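Worksheet: the structure to be examined is printed underneath.
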Amino acid sequence: AQESQQKIRIICTEPRRIAAISVADRVAQETATKVGDLIGYQIRLESNTSAETLLTFCTNGVLLRTLMGGLDALNSVTHIIVDEIHERDKFSDFLLTVLRDALKKYPKLKLLLMSATVDSELFA
């Protein structure tokens, strides 16, 4: 049974713009949809999303700038996936700090951190 009737909305960050676009293209292809419909992307100067978009790929910087405008931007978001988290930079480090605060405000928000590395010391 579903806990709430809230539509699932996922934001997935990628460290680079080209990755956000190419992964959105691939996922849209795999789900037999067009980019901009259910699957979309948002990078610095370009957005290809719609009111129907449920999965948005964006860069760490785009999500960080969005959240700097206020955590209310997450009102309709159910999941955030931060990909390539092992690629540490100022954006990803600060984004994690902001997301930690967001989890306090939105306890039902699901946060998934993904990495291809097996170096557990990197995350400690």
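The values are calculated or read from the model by the stated rules, or taken from the named source; none is laboratory data. All values derive from a computational prediction rather than experimental measurement. Here the Cβ is made from the backbone with ideal geometry for all residues, glycine too, and neighbour counts use every protein chain on show. The protein model used for the area step is the full one, side chains on, heavy atoms only, and it has no ligands, DNA or RNA in it. Shrake-Rupley method; radii C 1.70, N 1.55, O 1.52, S 1.80 Å.
Brief remarks on what is shown
- Count of the stretch 69-84 residues which are open to solvent by 40 Å² or more (accessible area, probe 1.4 Å) and under 18 Å from residue 116 (Cα atoms): 1
- Unmet requirement for residue 66, which otherwise passes all of (1) touching a residue at least 60 places away in the same chain (Cβ under 8 Å); (2) open to solvent by less than 70 Å² (accessible area, probe 1.4 Å); (3) not hydrophobic (A, V, I, L, M, F, W, C): (1)
- Options 110, 104; residue that is under 14 Å from the mean Cα position of the chain (by Cα), farther than 20 Å from residue 17 by Cα and exposed (fewer than 15 other Cβ atoms within 10 Å of the Cβ): 110
- Hey, residue 22 more than 12 Å from the chain's Cα centre (by Cα), surrounded by fewer than 17 Cβ atoms within 10 Å (Cβ to Cβ) and modelled with pLDDT under 95 or not: no
- Subset of the stretch 25-40 that is of a type in the set (A, V, I, L, M, F, W, C) and at negative phi - its residue that is surrounded by the most Cβ atoms within 10 Å (Cβ to Cβ): 39
- Any hit, the stretch 1-11, residues being modelled with pLDDT of 95 or more and buried (at least 18 other Cβ atoms within 10 Å of the Cβ): yes
- The stretch 41-63: number of residues that are open to solvent by 50 Å² or more (accessible area, probe 1.4 Å) and β-branched (Val, Ile, Thr): 1
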